[in-house]
Amino acid sequence: MRTYYLFMIKPEYYTLYKNDPSVLYQTLYNLYHLKKSNFSYGISLFQSLCQIFSVKLLKNYIQSKYKYDIVGKKMNLHFPFEKVQVQINYSCVIIKSNVNFPEILKVFYIYDKKIFVCDFENKDYFWLSKQIQKIK
């Protein structure tokens, strides 16, 4: 299973990092591993880089398009050949999947073109829009 963290990046930082996202990844990686003592600094940094997701809009859209079960704050989506779990937060979206590029990512591409995807366990990252273009 892979765990993807989706962040909606503010336009000015998207422009700055769209061709070289390694610094953005390293910043988000450091935020992910931040100690509680530096939490207020982390929130400030996060708010300068990222926009919030519309949780209600995304949940309603996904629930109207796909079969699902809800377990706590997570939605288990039913796809024929994929196991996908989605947790939509204001700060980020967390997707757990048994495939490298789950179908649900296309929904987030439609939602916003400036989404940055990180898999911190595998040290992998990409702009969602660039991955979608590769697939087309």
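The values are calculated or read from the model by the stated rules, or taken from the named source; none is laboratory data. What you see is a predicted model, and the numbers here were worked out from it, not measured in a lab. Cβ: placed from backbone, ideal geometry, glycine included. Neighbour counts: every protein chain shown. All accessible areas refer to the heavy atoms of the entire protein, side chains included, with ligands and DNA or RNA removed. Shrake-Rupley method; radii C 1.70, N 1.55, O 1.52, S 1.80 Å.
When the chain is treated as a Gaussian network with alpha carbon springs shorter than 10 Å, the biggest mean-square fluctuation among 89, 60, 98 belongs to 60. Note on the chain: with a GNM built from Cα contacts shorter than 10 Å, the maximum mean-square fluctuation among 51, 87, 63 falls on 63. Note on the chain: Rg/Rh from C-alpha atoms, Kirkwood Rh, equals 0.95. Among residues other than residue 108 with Cβ under 13 Å from its Cβ, the summed charge is +3 (Lys and Arg +1, Asp and Glu -1). The distance linking the stretch 1-62 with the stretch 79-135 is 13 Å (Cα centroid to Cα centroid, whole angstrom). Residues whose amide H lies under 5 Å from that of residue 83, counting only those 5 or more places away or on a different chain, are 98, 99; hydrogens are built 1.01 Å from N in the peptide plane. For the stretch 44-85, the fraction of 1.4 Å probe accessible surface lying on carbon and sulfur atoms is 56 percent.
Phi angles across the stretch 101-118 convert, under the Karplus curve 6.51 cos²θ - 1.76 cosθ + 1.60 with θ = phi - 60°, into 3J(HN,Hα) values of 9, x, 4, 5, 4, 5, 4, 6, 5, 5, 5, 7, 8, 10, 9, 9, 10, 10 Hz, Gly and Pro given as x.
Would you work out the relative contact order for the chain, in percent, from Cα pairs under 8 angstrom that are 6 or more residues apart?
35 percent
For the chain, what does -39500 (n - 2.57) per DSSP helix run (n ≥ 4), summed and divided by total residues, give at 222 nm, in deg cm²/dmol to the nearest 500?
Helices in the chain give a 222 nm mean residue ellipticity of -11500 deg cm²/dmol.
Of the residues 18, 67, 113, which exhibits the maximal mean-square fluctuation in a Gaussian network model of the chain defined by a 10 Å Cα contact cut-off? Between 18, 67, 113, it is 67 that shows the largest mean-square fluctuation. Residue by residue, the stretch 47-64 carries 3J(HN,Hα) couplings of 5, 6, 8, 10, 9, 8, 8, 7, 4, 4, 4, 5, 4, 4, 5, 5, 5, 7 Hz when phi is fed to the Karplus relation 6.51 cos²θ - 1.76 cosθ + 1.60 (θ = phi - 60°); x denotes Gly or Pro.
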